[in-house]
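*Asks:* Take this structure, written in structure tokens, and hold onto it; I'll ask about it next.
A short reminder: the numbers here are calculations on the coordinates, not readings from a lab. In this text the structure is predicted, and so the values were computed from the model without any measurement. So basically every Cβ, Gly included, is an ideal-geometry build from the backbone, and we count neighbours across all protein chains shown.
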Amino acid sequence: MFEFFFSQYKDYQTYDVVLEIIAVFLGIASVWYAKKDNILVFPTGMVSTFIYVYLLWKWTLWGDMMINFYYFTMSIYGWYCWTRKKGDNLEFPISVISDTEKRMSLFIFIFTVAFVVAVYLYFNKFNTWYAYVDTFVTGIFFIGMWLMAKRKIENWVFWIVGDLVSIPLYFAKGLTFTSFQYIVFTIVAVYGYLEWKKTLNSSPADLKKL
């Protein structure tokens, strides 16, 4: 059993494995803080994604590297949004997605998928089955991160879908620890949605329509 899950690590350098484990723990911490609607979601996530950018660049997993670079930059934007206030009230409270944001989400998905396809074609990376899945997952995660930065409850739906797909995807890529991380991500994302839903239901009606 151990050989089945971890044999791919025999050719990895020790410090890369250690870095992946650190990134996994910080990634789980980040999702947990997101579930709790805690601003620490961003600094923990930024360190985790910074490590993954390095590792994925080294392992030439371009789609995953772009996802994590995007997470890093969007974390800066999300950190800014979550700290904004109008008087004593948050400028971006937990709310539902608007029609304009739905259209923007569709645009983000289409643009992201097209961009990743172009990159993979340029570097001739469509040589495995999971390279094709990468294009879809990248678009899903880009929407999820953007909606989380805007504190939209629907972000959890996109995280859940992307996380479920990523569990076998990362295992196939030889990143077993990261695959296990996405199992935890999926569970926390479900509870995150339920917790944000509870907060939203207890909010004033005008906030729900933002």
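*Asks:* Which value, to two decimals, describes the C-alpha radius of gyration of the range 54-125 once divided by 2.2 N^0.38 Å?
*Replies:* 1.47
*Asks:* Same structure again: Nearest 10 degrees is fine. How inclined is helix 155-172 to the longest principal axis of the chain, computing both from alpha carbons?
*Replies:* The answer is roughly 10 degrees.
*Asks:* What is the sum of charges around Ser166, taking Lys and Arg as +1, Asp and Glu as -1, for the other residues whose C-beta is under 14 Å from the C-beta of Ser166?
*Replies:* Local net charge: -2.
*Asks:* Among Tyr132, Tyr54, Tyr33, rank each residue by its count of other Cβ atoms within 10 Å, from fewest to most, as a rough exposure measure.
*Replies:* Going from sparsest to densest Cβ surroundings: Tyr132, Tyr54, Tyr33.
*Asks:* What GluC sites (Glu not before Pro) does the range 91-163 have in DSSP loop regions with at most 16 other beta carbons within 10 Å?
*Replies:* Passing both the DSSP loop test and the Cβ count: Glu91.
*Asks:* Okay, moving on. In nm, to one decimal, how far is the Tyr15 label point from the Ala172 one, both placed 7 Å along Cα→Cβ?
*Replies:* The two pseudo-label positions are separated by 3.2 nm.
*Asks:* So what does the Cα-only Debye profile of the range 88-210 read at q = 0.17, 0.18 Å⁻¹, as log10 I(q)/I(0), no solvent term?
*Replies:* Results for the range 88-210 at q = 0.17, 0.18 Å⁻¹ read -0.91, -0.98.
*Asks:* Counting other C-beta atoms within 10 Å, which of Phe177, Phe72 has the fewest, and how do the rest follow?
*Replies:* So the residues, fewest neighbours to most, are Phe177, Phe72.
*Asks:* Over all alpha-carbon pairs in the chain, figure out the percentage whose distance exceeds 33 Å.
*Replies:* The answer is 15 percent, as a whole percent.
*Asks:* Can I ask one more? In the structure shown, do any of Lys152/Lys173; Lys86/Lys197; Lys35/Lys102; Lys35/Lys173; Lys173/Lys197; Lys86/Lys198 have a Cα-Cα gap over 26 Å, and if so which?
*Replies:* Long pairs (Cα-Cα over 26 Å): Lys152/Lys173; Lys35/Lys173; Lys173/Lys197.
*Asks:* For Asn155, what charge total do you get from the other residues with a beta carbon under 15 Å from its beta carbon, if Lys and Arg give +1 and Asp and Glu give -1?
*Replies:* +2
*Asks:* Taking the Cα atoms only, what angle lies between the long axis of helix 99-122 and the longest principal axis of the chain, rounded to 10 degrees?
*Replies:* Long axis of 99-122 versus the principal axis of the chain: about 20 degrees.
*Asks:* What order do you get for Thr178, Thr83 when you list them from fewest to most C-beta neighbours inside 10 Å?
*Replies:* Placing the least packed residue first, the sequence is Thr83, Thr178.
*Asks:* Set the Förster radius R0 to 41 Å, insert the Cβ-Cβ distance between Ser202 and Phe107 as r into 1/(1 + (r/R0)^6), and round the FRET efficiency to 0.05.
*Replies:* E between Ser202 and Phe107, to the nearest 0.05, is 0.80.
*Asks:* A follow-up question, please. Relative to the longest principal axis of the C-alpha atoms of the chain, give the angle of the C-alpha long axis of helix 41-58, reported between 0 and 90° and rounded to the nearest 10°.
*Replies:* Between the helix axis and the principal axis of the chain, the angle is about 20 degrees.
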